[in-house]
Amino acid sequence: MSSTDVVLFGHWICPFSVRVEFALAQKEIAYSLVNVPPRAVRPKGFVVPEEFIAHSPKLEVPMVRVGKTYLADSIPILQWLEELFPAHSLLPSDDAQHALMMERVAWLDKYVYRPMIGVYYGTDPEKITETSAAFGKAMETVNSWLLVSPWLAGDQPTLAEAIMAGVYTRWTGLQRLGMTAMLPQSVEKHREHMHSLSGWQAVEWSDEQTDEFVGRFLKYREIQNS
């Protein structure tokens, strides 16, 4: 397929879009990107593509079109891409490892993303500290996985790495927005290890993107607290 056959409707600032773009790049799937900012950061007057409105049930990114078929929601998209494009698989070949990977994907989605989002959407310093602590506790669990294997669900990168890409891209920004938790040693090593992956090269933030991310949420706090 050519890049016209696979289209990602997403945006770099959305961690759920980052998951999908990481996987597309890591799997060496040619794709084109239609920038659709998440609802919370859509500029006033932004014209949402009609195609996106017609096929995204919640009008939120990410959404992917492959040929004439559309799918929204990052985790189903990641699984769908594996079915359509088995080359450069991000799935373990062993059934037990596959089950473990999917269990960890769901766990990361719940126990890592919720407190992470709570930090940058937080407006109360005490609440930000609480959510940072929850994030830190989750990282202790992730650290325990990485003491057993070099990647999150075995000896090779999997869809679990795609999930964590959405965390690692914004790590510096999270710290600037009040994240007090630190990454345990094995998690920090994993983050550095991710830098060697082609998927990471597609989603890594520039300093300017980090500045924009931080600025957006500092402004959000200012408005909410005024």
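What follows draws every value from the coordinates through simple rules; no lab data is involved. The model shown is predicted, which means the values in this text are computed figures rather than measured ones. Here the Cβ is made from the backbone with ideal geometry for all residues, glycine too, and neighbour counts use every protein chain on show.
Could you tally the net charge around residue 181, taking each other residue with its Cβ under 13 Å from the Cβ of residue 181, Lys/Arg +1 and Asp/Glu -1?
-2
Given the -39500 (n - 2.57) contribution per DSSP H run of 4+ residues, what per-residue ellipticity at 222 nm results for the chain, rounded to the nearest 500 deg cm²/dmol?
Taking each H run of at least 4 residues, the total per residue is -17500 deg cm²/dmol.
Would you list which lysines come within 29 Å of residue 68, measuring only between C-alpha atoms, while excluding same-chain residues fewer than 8 positions from it?
Answer for residue 68, where 29 Å is the Cα cut-off: 27, 58, listed by chain and number.
When N is the residue count of the chain, what does its C-alpha Rg come to as a fraction of 2.2 N^0.38 Å?
1.01
Send over the semi-axes of region 1-47's equivalent ellipsoid, whole angstrom and largest first, taken as the square roots of 5 times the C-alpha gyration tensor eigenvalues.
22, 13, 5
Kindly count the pairs of lysines across region 95-225 whose alpha carbons are less than 19 Å apart, treating pairs on different chains or eight or more residues apart as eligible.
Step by step, the pairs that qualify in region 95-225 add up to 5.
Taking H as built 1.01 Å from N, whose amide H comes closer than 5 Å to the amide H of residue 34, not counting residues under 5 places away?
8, 9, 10
Mean Kyte-Doolittle hydropathy of -0.5 or higher plus an axial Cα length of 30 Å or more: which whole DSSP H helices in the chain meet both?
Answer set is 125-146.
Treating only the Cβ of Lys, Arg, Asp and Glu as charged (+1, +1, -1, -1), what charge dipole size does the chain show about its Cα centre? Round to the nearest 20 debye.
Dipole of the chain, to the nearest 20 debye: 640 debye.
If we count every other residue with Cβ under 15 angstrom of residue 144's Cβ, Lys/Arg +1 and Asp/Glu -1, where does the sum land?
Around residue 144, the surrounding residues sum to 0.
Just want the answer: with Cβ charges of +1 for Lys and Arg and -1 for Asp and Glu, which residue in 99, 56, 217 is farthest toward the dipole's positive end in the chain?
Projecting each Cα onto the dipole axis, the largest value belongs to 217.
Kindly rank 17-23, 71-77, 40-46 from highest to lowest mean number of other beta carbons found within 10 Å of each residue.
Descending mean neighbour count gives 17-23, 71-77, 40-46.
With N denoting the number of residues in region 56-117, provide Rg(C-alpha) divided by 2.2 N^0.38 Å, to two decimal places.
1.28
Suppose we keep just the DSSP beta bridges with both residues in the chain; what percent of those would be antiparallel, to 5?
70 percent
Let me know the whole percent of all Cα-Cα pairs from region 6-84 that are separated by more than 21 Å.
Across region 6-84, Cα pairs with separations above 21 Å total 19 percent.
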